[in-house]
1. Could you work out the equivalent-ellipsoid semi-axes for segment 127-239, taking the square root of 5 times each eigenvalue of the Cα gyration tensor, largest first, in whole Å?
2. Would you mind getting the accessible area per residue of the chain, heavy atoms of the protein chains only, 1.4 Å probe, in Å²?
3. Show me 209-221, 127-139, 95-107 ranked by packing, highest mean number of other Cβ atoms within 10 Å first.
4. Evaluate Rg over Rh across segment 1-90, taking Cα atoms for both radii and Kirkwood's formula for Rh.
5. Using just the helices of the chain, give the 222 nm mean residue ellipticity in deg cm²/dmol: DSSP H runs with n ≥ 4 each add -39,500 (n - 2.57), and the total is spread over all residues, rounded to 500.
6. Quick one: if the Förster radius is 35 Å, what FRET efficiency do GLU131 and THR199 give, using the C-beta to C-beta distance and rounding to 0.05?
7. If each residue of separation counts as 0.36 nm, what is the full-extension length gain between GLU95 and LEU220 once their alpha-carbon separation is subtracted?
8. Taking a ≥ b ≥ c as the square roots of the eigenvalues of the Cα gyration tensor of segment 56-190, is the shape rounded (a/c under 1.5), prolate (a/b larger than b/c) or oblate?
Amino acid sequence: MKQLYIEAALPKIGDRAELTSTDRHRIRRVLRIEQGQSIVLADGRGGRVQCAWEKGDAVASERVSAEPRRGPYIELGAAVLKGKRWEWMIEKSVEVGVDRIVPLWTEHVVSRVPDSKLPDRLDRWRTIAIEAFEQCGRPWLPEIAAPMSCTAWLEATGQEVLACCDESSDGPQLAAFVRAQASLERIRLLVGPEGGLSTRELALAVEHNGRCVRLSEHVLRAETAAIAAVLAIRSASES
């Protein structure tokens, strides 16, 4: 059943949902829901309700059981990539189970977004996350944070486990590293750009109790590494 994210409060059983004109357009033109069909409305915080599409309104018919979060909360700090590769990374990361994405300006980032264009670009990234959330049917909508420097992100590390993906590292495979953590609840994951993280950034990560880990015997593209890392964490935590 197709899922639609709405910012308004979910309707009670028998009530009509508070839909915006954009919501109605997406239901009719994008999701192609027809009279009498059902759709799931989701608030992105675990709440979902099944609705019947009746005369241009979504009428709540059944509450969908809330699903608890499974596995650790994954925060992905990823170096911003150029154009479509970055957007693809956001989309697929949401589908495979990331919980928060923090765009990072690292020393080797090639393309930076001017401050004047950043609000529009951030809206675009969040829209991509919402569409991926709707498509895959997850109950939790991942957050897309405002971009920050890699240094600021690392210095904000608290007690969370920090894994730094580095293909040149002789550290453990990420999956093995995750399995070795007792009762892992949160993990921060650092993925650099195509040029890799700088020596200074790697050293700073280690200073903040980060562990350099490997993903593959081969060198992965940055966007592939991000997806592989999230999948490795989810798979390892479930096993």
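The values are calculated or read from the model by the stated rules, or taken from the named source; none is laboratory data. Quantities reported herein were computed from a predicted structural model and do not represent experimental measurements. Reconstructed Cβ throughout: ideal geometry from the backbone, glycine too, with neighbour counts over all protein chains shown. Calculation scope for accessible area: heavy atoms of the full protein, side chains included, ligands and nucleic acids excluded. Shrake-Rupley method; radii C 1.70, N 1.55, O 1.52, S 1.80 Å.
1. Listed largest to smallest, the semi-axes of segment 127-239 are 22, 18, 16 Å.
2. Heavy-atom SASA per residue in the chain reads 51 Å².
3. Working: 209-221: 15.5, 127-139: 17.8, 95-107: 21.1.
Going by the mean number of other Cβ atoms within 10 Å, highest first, we get 95-107, 127-139, 209-221.
4. That ratio equals 1.08.
5. -9500 deg cm²/dmol
6. 0.40
7. That works out to 43.1 nm of additional length.
8. Verdict is oblate for segment 56-190.
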